[in-house]
1. Yes or no: region 216-229 includes at least one residue that is on the phi > 0 side of the Ramachandran plot and surrounded by 14 or more Cβ atoms within 10 Å (Cβ to Cβ).
2. Condition check: open to solvent by 40 Å² or more (accessible area, probe 1.4 Å), more than 26 Å from TYR13 (Cβ to Cβ) and modelled with pLDDT of 95 or more. Does ARG101 satisfy that?
3. Show me the helices (runs of 4 or more DSSP H) found entirely inside region 129-238 where at least 1 residues are under 30 Å from LEU114 (Cβ atoms).
4. Can you tell me how many residues in region 7-30 are closer than 21 Å to GLY77 by Cα, in contact (Cβ under 8 Å) with a residue 24 or more places away in the chain and either open to solvent by less than 40 Å² (accessible area, probe 1.4 Å) or of a type outside the set (Ser, Thr, Tyr) (or both)?
5. Return the only residue of THR59, THR84 being among the β-branched types (Val, Ile, Thr) and either open to solvent by 50 Å² or more (accessible area, probe 1.4 Å) or in contact with a Gly (Cβ under 6 Å, 6 or more places away or on another chain) (or both).
6. Those residues that are surrounded by fewer than 24 Cβ atoms within 10 Å (Cβ to Cβ) and touching a Leu at 6+ places or on another chain (Cβ under 8 Å), I need them from region 186-199; list them, please.
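The values are calculated or read from the model by the stated rules, or taken from the named source; none is laboratory data. This one's a predicted model, so the numbers in the text were calculated from it and none came from an experiment. Cβ sites come from the backbone with ideal geometry, for glycine too, and all protein chains shown count toward neighbours. For accessibility, only protein heavy atoms count, side chains too; no ligands or nucleic acids. Shrake-Rupley method; radii C 1.70, N 1.55, O 1.52, S 1.80 Å.
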Amino acid sequence: GDGAACYVAGWLYENGKGTPKNAGAAIEAYRAGCTTGSGDACMNLATALDKGLAGKVDTDGANGAYDKACRDYDNAGACQLIATRLGKAKQDLPRALELARRGCTLDPKECGTLAEFFRLGFGMAAPDQASATRYYKQACESGELGWCQSYGERAWAGTGMPKDTAIAVAVLERACKGRYIASCYLAAEHLAALGTDDLRAATLATIGCDYKDGTACWYAGVLAAQGKGGMASNERAL
């Protein structure tokens, strides 16, 4: 009856620690833990069902476990995941919106999914771009750098907020340096367009190229050929 113990037992069965691996026993232990007080057991149950640990994928069962982890155990990541799934399937959007809002309230890093709902108007009468931008910003500033690109692009375009090129470049640069490589090219392109810091633009394009982003490599070549950020060099561009 101890959910935490069931979670540990499930992990031991799943990973073959002290006992032979037994996917069925792992799932049953996780299931027992999920119903007797362990949010971690719910999450592992959901993951196990999602990947077909026992030989068969059970998406509905996984969704139920994620939902329980969100609602009963305040797992923000589970809220975000189930809301995203419902949103992509365009199923039960009012409930999906509620789950996305709960995830954002529990952990502001998870606000990006809620931002997407406001951008698309899912579960509400109409899209709300100002709210979408506010939640992208909250997710970005809370450390979920994947959402910084969305916030930066909206700051650059003035979508849901007054246009602010300085903010746009700053958040895209932050995402780039956090290895969200598509942001490197965008930050470099915006800086080059502003014409205020060609060296910084070339540096960001090069960072993206070093991370194996082809578009960033192309742009680093363009800047090298044009002599932006240093002496023009066709050799370096090539």
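1. yes
2. yes
3. On the way: elements: 129-141, 148-157, 165-177, 182-194, 198-210, 214-226, 234-237.
Filter on region 129-238 gives 129-141, 148-157, 165-177, 182-194, 198-210, 214-226.
4. 4
5. Step by step, each of THR59, THR84 is checked, and only THR59 is among the β-branched types (Val, Ile, Thr) and either open to solvent by 50 Å² or more (accessible area, probe 1.4 Å) or in contact with a Gly (Cβ under 6 Å, 6 or more places away or on another chain) (or both).
6. Scanning region 186-199 gives HIS190, ALA192, ASP197, ASP198.
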